[in-house]
1. Report the gain in length on full extension from Met64 to Val18: 0.36 nm times residue separation, minus Cα-Cα distance, nm rounded to one decimal.
2. I'd like to know how the chain sits against the 2.2 N^0.38 Å rule of thumb: what's its Cα Rg over that expected value?
3. At what distance in nm do the modelled label points of Met108 and Tyr156 sit from each other, each positioned 7 Å from its Cα along Cα→Cβ?
4. With θ set to phi - 60° and the Karplus curve 6.51 cos²θ - 1.76 cosθ + 1.60, what are the ³J(HN,Hα) couplings of the range 169-175 in order, to the nearest whole Hz, using x for Gly and Pro?
5. What number, in percent, do you get for the relative contact order of the chain if the mean sequence gap of Cα pairs under 8 Å and at least 6 apart is divided by its residue count?
6. List, in order, the whole-Hz ³J(HN,Hα) value for each residue of the range 118-127 obtained from phi through the Karplus relation with A = 6.51, B = -1.76, C = 1.60 and θ = phi - 60°; use x for Gly and Pro.
7. Rg/Rh for the range 44-92 to two decimals, with Rh computed the Kirkwood way over all alpha-carbon pairs.
8. Under a crude label model (7 Å from the Cα following the beta-carbon direction), how far is Thr71 from Gln121 in nanometres?
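Nothing in this text is a laboratory measurement; each read-out follows from the coordinates by a stated rule. Predicted, not measured: the structure shown is a model, and the values here were computed from it. Here Cβ is always computed from backbone atoms with ideal geometry, including for glycine, and neighbour counts include all displayed protein chains.
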Amino acid sequence: MAKLRDSEEIGKNILADVIKNPPIQDRETVFRYSHECRLEKAPHAVQDFNKSKGKHLSVFAPLMGNRANATLLIMIFVFCVFLSIINRVASDKNAYKLDGNAITVSAMRYEGNTFVVIKKQAKKADAYTGAVDVAVSPEERSSSLEEPPIFTSRFYFMPEENEEFRISAPQEIEHVLILMRTEAEQVVIRTKVE
């Protein structure tokens with residue numbers, strides 16, 4: 001019990017000293033920093049980087065720094081050029097031209113019907129806009145005496161860059177023959193139904 005009283009008394013004395021002599025809080029802390037001293041102790045790579053800091057940094061310098069990096073950069077460039085050429089050739093192969101518009105056609109069968117999807121992409125600023133007559137027919141005749149049925153429709157090309165149109169033929173067709181005609185041009189497209 002005596003120890004507890006002694007510790008309480010010591011605590012009161014310390015508290016009284018703090019109240020009488022409060023600590024100085026408005027004093028600014030001064031830090032001493034020397035950039036040069038820190039650089040002397042830094043690794044060699046950091047020192048080299050800091051020396052080149054004032055020089056103009058190039059994006060291609062690290063890429064062309066050694067032969068392996070240069071070869072890799074050239075191979076990536078050649079691969080990108082190759083892909084763009086293949087993409088352009090493949091897209092032009094399936095596209096038909098109609099008055100400045102690129103037309104692509106796909107067809108599919110579903111539950112006894114044949115659906116034809118026509119996609120238009122305006123290739124020029126002055127591409128044709130207006131009425132387009134479309135006729136869809138099977139390419140082969142079912143018998144030598146019968147004429148194949150023809151399903152017609154009329155679409156209107158708007159001044160949009162990309163448009164999509166659909167035609168439904170109420171029978172299953174293996175190969176489709178599509179005639180598209182504007183006021184000035186016409187195009188015949190043959191496609192296999194998927």
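1. Values: separation 46, 0.36 × 46 = 16.56 nm, distance 6.73 nm.
Roughly 9.8 nm would be gained on extension.
2. On the way: Rg = 40.6 Å, N = 194, 2.2 N^0.38 = 16.3 Å.
My calculation over the Cα atoms of the chain gives 2.49.
3. 2.9 nm
4. Going residue by residue, I get 10, x, 7, 7, 10, 7, 10 Hz, with x marking Gly and Pro.
5. Values: 238 pairs, mean separation 33.4, N = 194.
Relative contact order, the chain: 17 percent.
6. Each residue of the range 118-127 in turn: 10, 10, 10, 10, 6, 8, 10, 5, 9, 5 Hz.
7. Values: Rg = 17.6 Å, Rh = 13.6 Å.
Ratio value, two decimals: 1.29.
8. 3.7 nm
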